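Undergrad: Below is a structure I'd like to ask you about.
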Amino acid sequence: MRRPMDASQQPPVAPADRFPPRMSLFGRVGRALGMGVALTGRRILVALAATLPIALLSTVTELWLLDRFSSGGGAPDQQDLVKLVFAETGVSLVLEALYGPVLAAMAVYVALAWLRGRGAGVYGAVNFAINRYRRQFLPHMGAWFSIIIGMMALIPGIYFLLMYAWVDAVACLEKERWPMARSKRLTRGRRKTILLVAIPWILLSQVAAFVELFWAEGDPVLLLITFWGYYLVVFAQQVSFTWLYFERTVRRKAAASR
């Protein structure tokens with residue numbers, strides 16, 4: 001009687017076979033969100049390493065801004081609150097430009113490792129991000145500056161997010177001269193899915209801003225927890241976006257090769 005093969009003897013799964021066939025809209029959304037959460041949980045050390053630096057930087061800068069724009073050490077008044085919001089937006093743009101590519105690339109690495117059936121460690125993720133930082137920097141900055149600034153009016157920000165959700169995956173994995181244009185083309189036909197996957201991120205960004213001002217109230221530990229939790233969700237969303245990118249591109253290549 002033939003003994004069953006153990007896990008190490010199992011034949012590798014083709015990348016296209018990792019995606020369920022004929023998924024409905026809500027089936028695709030559920031699978032993307034589920035994979036984002038599941039892969040982040042499985043590679044939690046990578047996720048924590050990716051998000052801790054920007055959480056610390058955000059905490060330090062937020063404490064400085066609260067001190068700068070608070071009257072008498074209390075909550076900002078209405079006039080100072082407007083200044084604080086604009087200052088926070090400026091800081092977010094700087095942090096996103098400088099560190100955002102690293103966090104996004106490490107999320108792409110986690111999804112890529114899953115696609116290839118390999119493990120994903122912190123060293124490999126950091127090395128992957130460093131090697132792609134130069135070619136990823138400008139596309140990431142262009143995409144996320146558009147999204148963050150657009151989010152001030154909400155609708156334009158959502159529109160840019162739907163178009164540029166796959167910029168980081170394209171910049172990391174393709175030799176594409178214009179990743180923003182490539183992402184815009186690829187996301188056609190998937191923007192409803194991307195919107196539904198992005199809704200938790202959009203809602204969280206609004207909740208996080210409220211928590212920073214009225215719950216943490218300048219407490220360093222609470223601010224760090226808030227920012228770290230927020231960026232962990234952003235990491236999971238990036239994994240979800242990358243899964244959708246693979247579902248689109250890998251299955252398309254498999255169909256074309258038949």
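Undergrad: Among (1) exposed (fewer than 12 other Cβ atoms within 10 Å of the Cβ); (2) at pLDDT below 80, there is one condition ARG22 misses while meeting the rest; what is its number?
TA: With respect to (1) exposed (fewer than 12 other Cβ atoms within 10 Å of the Cβ); (2) at pLDDT below 80, ARG22 is out only on (2).
Undergrad: Condition first: charged (D, E, K, R) and within 24 Å of ARG43 (Cβ to Cβ). Now tell me which residues in segment 124-161 satisfy that.
TA: Matches in segment 124-161: ARG132, ARG135.
Undergrad: To continue, here is another question. Being within 18 Å of the chain's Cα centre (by Cα), modelled with pLDDT of 95 or more, hydrophobic (A, V, I, L, M, F, W, C) and under 20 Å from VAL110 (Cα atoms) narrows it down to one residue among TRP228, TRP243; which is it?
TA: On inspection, the qualifying residue turns out to be TRP243.
To keep it simple, each residue is scored yes or no on (1) in contact with a Leu (Cβ under 8 Å, 6 or more places away or on another chain); (2) open to solvent by 20 Å² or more (accessible area, probe 1.4 Å); (3) part of a helix (DSSP H, G or I).
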{"site": "ASN131", "(1), (2), (3)": "no, yes, yes"}
{"site": "GLN136", "(1), (2), (3)": "no, no, yes"}
{"site": "GLY142", "(1), (2), (3)": "no, yes, yes"}
{"site": "SER146", "(1), (2), (3)": "no, yes, yes"}
{"site": "ILE149", "(1), (2), (3)": "yes, yes, yes"}
{"site": "MET152", "(1), (2), (3)": "no, yes, no"}
{"site": "PRO156", "(1), (2), (3)": "no, yes, yes"}
{"site": "LEU162", "(1), (2), (3)": "yes, yes, yes"}
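Undergrad: Just need a number here: residues in segment 191-201 that are open to solvent by 20 Å² or more (accessible area, probe 1.4 Å) and among the β-branched types (Val, Ile, Thr).
TA: Count: 1.
Undergrad: Of the residues VAL122, VAL82, only one is open to solvent by 50 Å² or more (accessible area, probe 1.4 Å), at pLDDT below 90 and not small (Gly, Ala, Ser); which?
TA: After applying the criteria, what remains is VAL82.
Undergrad: Could you count how many residues in segment 174-190 are part of a helix (DSSP H, G or I) and open to solvent by 60 Å² or more (accessible area, probe 1.4 Å)?
TA: Matching residues across segment 174-190 total 2.
Undergrad: Now a separate question. Can ALA104 be described as open to solvent by less than 50 Å² (accessible area, probe 1.4 Å) and either on the phi > 0 side of the Ramachandran plot or of a type in the set (A, V, I, L, M, F, W, C) (or both)?
TA: Details: open to solvent by less than 50 Å² (accessible area, probe 1.4 Å): yes; either on the phi > 0 side of the Ramachandran plot or of a type in the set (A, V, I, L, M, F, W, C) (or both): yes.
Yes.
The rows are residues; the columns are (1) of a type in the set (Phe, Trp, Tyr); (2) without any contact (Cβ under 8 Å) to a residue 24 or more places away in the chain.
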| position | (1), (2) |
| --- | --- |
| LEU93 | no, no |
| PHE137 | yes, no |
| VAL170 | no, no |
| GLU174 | no, yes |
| THR187 | no, no |
| ILE199 | no, yes |
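The values are calculated or read from the model by the stated rules, or taken from the named source; none is laboratory data. Values in this document were obtained by computation on a predicted structure and should not be read as measured data. With ideal geometry, Cβ positions are generated from the backbone for all residues, glycine too; neighbour counts draw on all protein chains shown. Remember, those area values only see protein heavy atoms, side chains included, never the ligands or the DNA or RNA. Shrake-Rupley method; radii C 1.70, N 1.55, O 1.52, S 1.80 Å.
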